[in-house]
Amino acid sequence: MAKSPAARIEALVPELNEHNYRYNVLGQPTISDQEFDKLLHELTNLEAAHPDLIRPDSPTQRVGSDLSKTFPTVVHDVPMLSLDNTYSEDEIREFETRIRRELPDEKLRYVTELKIDGVALSLTYENGLLVRGVTRGDGLQGEDITPNVKTIQSIPIRLKEPIPYCEVRGEVYLHHDIFSAINKDREKEKESLFANPRNATAGSLKLQDPRLVAKRRLSFFAYFLRAPGESDPSHAESLDRLERLGFSVNPERRLCNTIEDIVAYLQKWEKKRETLPYNTDGTVIKLDALDQQQKLGATSKSPRWAIAFKFSAQQVQTKLHRIVLQVGRTGVVTPVAELEPVFLAGSTVSRATLHNAEEVERKDIRAGDTVILEKGGDVIPKVISVVTAKRSKTSTPFEFPDTCPVCDTPLVKDESEVAIRCTNSQCPAQVKANIRHFASRTAMDIEGLGIALVDQLVDTGLVQGVGDLYSLDFESVAALERMAEISAQNLMDALEASKAQPFNRVLFALGIRHIGATVARTLTDNFGSIDRLRETSAEDIEAVHEIGAAIAESIHAYLQDETHWALIEKLRTAGLTFEAEQKADTGPRILEGKTVVITGSLTRWGRQQAQDLVRTHGGKPTSSVSKKTDLIVVGENAGSKKDKAEQLGIEILDEEAFARLVGEADTSL
């Protein structure tokens, strides 16, 4: 006798959840993908016919409807504290000595775990069912991203053992192969690439469509369990229990009875970390006994019973095939190493800047060399040195050319810098770079005007400089290779929308040497219009606070040049703004008179956009932390500026807290 729909659903849901657990957590599937998909298809059809029978723990509920445009803020029951960091084995020994001093007569044992380079998450379960997933945020409160969390297959929707209430914390991360696949897809779509798996993870969790999150195939390691009224006596036992509940717990953990055991663990994984399929940037050492953890307690920022040991920057060897020269928008010619692709700190590296001719000569870098690579801040690859013992006997030093590699114009050595420049402003490489800068997100923000399209526009002669962009017509753009009518219309719409950008953005977009986004803002605030700026002497421009002689001379010379002024008039005729908007006095603002530092990698805004928000609310953005700093906003990999701010007792906000402060909490990626 056939089972009723209700009975069949009751059988299918736990069966599919068990298969999902065996595949995504244990890595031990017992049925084929085809068999799993067949069962899932059956369940989906049954639920579609009987929506009243859908269970909250059904695997079909992992991807729900779109999130709202805001992520609700949730206060953590227990703060999610950060860990003190160290790069020294001696400091690990000091950490252990401090604990022995506080607990002199007690037996001590530690758990060492890999520090996963991902994004921290808090999960709440009620009666065994996942009810909430919240980001760490500022440690006190985070954002509720539950629909996105449910798409992560290694996070159980229902626990394998019943618990009335518990909180589980862990790290969301990306496997190396999945990260590479994501970037390959983005490259095909002409989208900017993620710098590393951690940034990709953070960005994925903030997406507004859970279906897109599901495609990113994020993973999760659990490392903390809080179950009021039934806690385990030790951290190691709570990790074991998390596994029984259905979570993936990092298997490379170890119980250590002595400091020698701890150091051996650190040294082992410092050497072996590149063998892992995911990124780890260190290890975490925790006192095992939970009652001892409670005795030691915590400071306002970090627990006293745990510490993170950070690994030194990873280095790898690879072959340098050749040195090529790139010409930037200001004419600077930069040597770039083309490398045998090699995996380093979470991504595959095939190119690395060599900075300038003096750097190449100082390190004696040659084509065909075996070189040692490192990533600065685990993001930017750089050549540290040459393995001269592996150098060919026929190798010859690299010689910088006398003429531009693109337009053959004689190169000029800039006496005030180490730079070597092409002085031909019509050099195709400079023209393309200037257009890309003009269209960039922090300048005119012309969506769709990417590298490939810029190359086509210049190579076909449709555009000979930024002044021609606003003369483009739909038919000419649509006729370009790989340009559909929809894409052409989107570009025309983006060009039209860019005309609304304020004067400071336009001034920055011109690409004047030494005029960054901050300087452009200062100049527009002080002079108000391009015409007044042109009428002002270099000496008077230099008199403005934070404007140096080089900046003043550069802007003055640019505006006196008739060719440049003709470009400005052409853009003004096209409808661009060359006068600052007169704003009414709205009274005190939230950051009035405060000095604010933005540091680290932000996912919500670019650095310049965040600084613009500071200015909008009356604050003054600066780049260095000092006693005069009132507030620091930190993104991922904040580094030494955050450390200094903590030492000086300066208020620190993460990205979400800053968004709430300035009323931008509904801003999506």
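Taking the condition farther than 17 Å from residue 516 by Cα and outside any helix (DSSP H, G or I), does residue 573 pass?
The answer is no for residue 573.
Residue count for the range 237-251, restricted to those that are within 25 Å of residue 312 (Cα to Cα) and surrounded by 15 or more Cβ atoms within 10 Å (Cβ to Cβ): 2. For the condition without any contact (Cβ under 8 Å) to a residue 60 or more places away in the chain and among the aliphatic types (A, V, I, L, M), residue 457 qualifies. Looking at residue 513, is it of a type outside the set (A, V, I, L, M, F, W, C), in the same structural domain as residue 459 (by TED's automatic domain parsing) and not in a helix (DSSP H, G or I)? When the stated conditions are applied, residue 513 does not pass them.
Considering the range 334-360, and only residues there that are crowded, with 17+ Cβ neighbours inside 10 Å and touching a helix residue (DSSP H, G or I) at 6+ places or on another chain (Cβ under 8 Å), the residue that is nearest to residue 454 (Cα to Cα) turns out to be 335. Would you confirm, using the coordinates I've provided, whether residue 505 is part of a helix (DSSP H, G or I), within 19 Å of residue 440 (Cβ to Cβ) and touching a residue at least 60 places away in the same chain (Cβ under 8 Å)? Spelling it out, residue 505 is indeed part of a helix (DSSP H, G or I), within 19 Å of residue 440 (Cβ to Cβ) and touching a residue at least 60 places away in the same chain (Cβ under 8 Å). Any residue that is modelled with pLDDT of 80 or more, of a type outside the set (Lys, Arg) and assigned to a helix (DSSP H, G or I) - is there at least one of those in the range 21-33? Scanning the range 21-33 turns up no residue that is modelled with pLDDT of 80 or more, of a type outside the set (Lys, Arg) and assigned to a helix (DSSP H, G or I).
Take the residues of the range 190-231 that are closer than 16 Å to residue 168 by Cβ and charged (D, E, K, R): which is modelled with the highest pLDDT? The qualifying residue modelled with the highest pLDDT is 226. If you filter the range 627-652 down to residues that are within 22 Å of the chain's Cα centre (by Cα) and in a strand (DSSP E or B), you find that the one that is modelled with the lowest pLDDT is 636.
Only a single item in (1) in contact (Cβ under 8 Å) with a residue 60 or more places away in the chain; (2) part of a loop (DSSP other than H, G, I, E, B) is not met by residue 242, and it is number (2).
Against the condition surrounded by fewer than 18 Cβ atoms within 10 Å (Cβ to Cβ), closer than 18 Å to residue 329 by Cβ and touching a residue at least 40 places away in the same chain (Cβ under 8 Å), how does residue 528 come out, does it pass? The answer is no for residue 528. Summed over the range 189-230, residues that are within 17 Å of residue 118 (Cα to Cα) and of a type outside the set (Gly, Ala, Ser) total 17. Kindly list the number of the only condition in (1) out of contact with any Lys or Arg (no Cβ under 8 Å at 6 or more places or on another chain); (2) over 25 Å from residue 152 (Cα atoms) that fails for residue 265. Residue 265 satisfies every listed condition except (1). Residue selection: residue 368 fails the criterion of being under 30 Å from residue 116 (Cα atoms) and either among the small types (Gly, Ala, Ser) or at pLDDT 90 or above (or both).
Selection within the range 497-514: residues that are among the hydrophobic types (A, V, I, L, M, F, W, C) and surrounded by fewer than 19 Cβ atoms within 10 Å (Cβ to Cβ). The member of this set that is nearest to residue 538 (Cα to Cα) is 500.
The set of residues from the range 110-156 being out of contact with any helix residue (DSSP H, G or I) (no Cβ under 8 Å at 6 or more places or on another chain), among the basic types (Lys, Arg) and part of a loop (DSSP other than H, G, I, E, B) comprises just one member, 136. In the range 545-563, the residues that are touching a residue at least 24 places away in the same chain (Cβ under 8 Å) and among the acidic types (Asp, Glu) form Cβ pairs under 8 Å with partners that are assigned to a helix (DSSP H, G or I) and surrounded by 11 or more Cβ atoms within 10 Å (Cβ to Cβ), at six or more places apart or across chains, as follows: 546/519; 546/522.
For the range 303-349, a residue qualifies if it is more than 30 Å from residue 428 (Cβ to Cβ), small (Gly, Ala, Ser) and at pLDDT 90 or above, and the qualifying residues are 306, 308. Counting only residues that are out of contact with any helix residue (DSSP H, G or I) (no Cβ under 9 Å at 6 or more places or on another chain) and either of a type in the set (Lys, Arg) or closer than 18 Å to residue 636 by Cβ (or both), the range 172-208 holds 8 of them. Residue-level analysis places residue 370 among those that are among the hydroxyl-bearing types (Ser, Thr, Tyr), assigned by TED's automatic domain parsing to the domain that holds residue 349 and touching a helix residue (DSSP H, G or I) at 6+ places or on another chain (Cβ under 8 Å). Where strands (runs of 3 or more DSSP E) fall wholly inside the range 357-452, the ranges with 2 or more residues that are more than 30 Å from residue 483 (Cα to Cα) and under 28 Å from the mean Cα position of the chain (by Cα) are 370-376, 380-386.
Scan the range 182-208 and report the pairs whose first residue is in contact (Cβ under 8 Å) with a residue 60 or more places away in the chain and whose second residue is surrounded by fewer than 16 Cβ atoms within 10 Å (Cβ to Cβ) and not in a loop (DSSP other than H, G, I, E, B), with Cβ atoms within less than 6 Å and a gap of 6+ or a chain change. These pairs meet every condition: 190/452.
Flag: residue 219 does not match the condition of being polar (S, T, N, Q) and under 22 Å from residue 287 (Cα atoms).
The values are calculated or read from the model by the stated rules, or taken from the named source; none is laboratory data. Computed from a predicted model, the values in this text were never measured in an experiment. Please note: Cβ atoms are built from the backbone with ideal geometry, for glycine as well, and neighbour counts cover all protein chains shown.
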